[in-house]
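Just below is one structure, and these are the notes that go with it.
Each value in this text was obtained by applying a stated rule to the coordinates, not by laboratory testing. A quick note: this is a predicted structure, and the numbers were derived from the prediction, not measured. Cβ sites come from the backbone with ideal geometry, for glycine too, and all protein chains shown count toward neighbours.
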Amino acid sequence: MASKATYKGFSTGFFAHGVLNLTPKESYELCKKGALIVDVRELYMSSFKMFQIENVIYLPYSDLEKSYRQLPSDKPLIFADAVGLKSHESVLFMKEHGYKNIANLAGGIVDWERDGLPVTTDKSYRLSGSCMCQLKPREGGKSKK
């Protein structure tokens, strides 16, 4: 069951499955007040479409376990990915490691863009594939590893 809540650093959002979730618009407003988005998409995913705000840290989910200590503990952190799945896992991981000022961006960058919030697109990193498990750079495009 989801419920409205006040959580350290956040006065908005809803709890579901042990995690505070924020809508894209709530996240955007909080970023204007100093919250940080931690984008946990892998580089091949985050190079094509990026959050167009100042307060973004790119930390791929595959690097989270070895690099999470580099994240600030004195600022609200909003974890984001494509649709909110790996970011949800990231929030649970961070809770296990003592972070309290954390939330999940419900719907990820997909809902962020759908809600008309700013994104930057680099078409040279466009991906092709019939499903997420088969994505790869398009011919002639750039590739980040």
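Descriptive notes on the structure:
- Residues of the range 88-104 with amide N under 15 Å of the 7 Å Cα→Cβ point at R69: 97-99
- Sparsely packed loop sites in the range 33-76 (the GluC sites (Glu not before Pro) outside DSSP H, G, I, E and B with at most 10 other Cβ atoms within 10 Å) comprise E54.
- Between amide H atoms placed 1.01 Å from N, distances below 5 Å from N21 occur with F14, F15, A16, N104, all of them 5 or more places distant or on a separate chain.
- Stretch gain in nm, segment F14-L43, where the contour uses 0.36 nm per residue and the Cα spacing is subtracted: 7.6 nm
- For I57, the residues whose amide H sits under 5 Å from its own are I37, V38, D39, ignoring neighbours fewer than 5 places away on the same chain, with H placed 1.01 Å from N.
- Taking 7 Å steps out from each Cα toward its Cβ at Y58 and K123 produces label points 2.0 nm apart.
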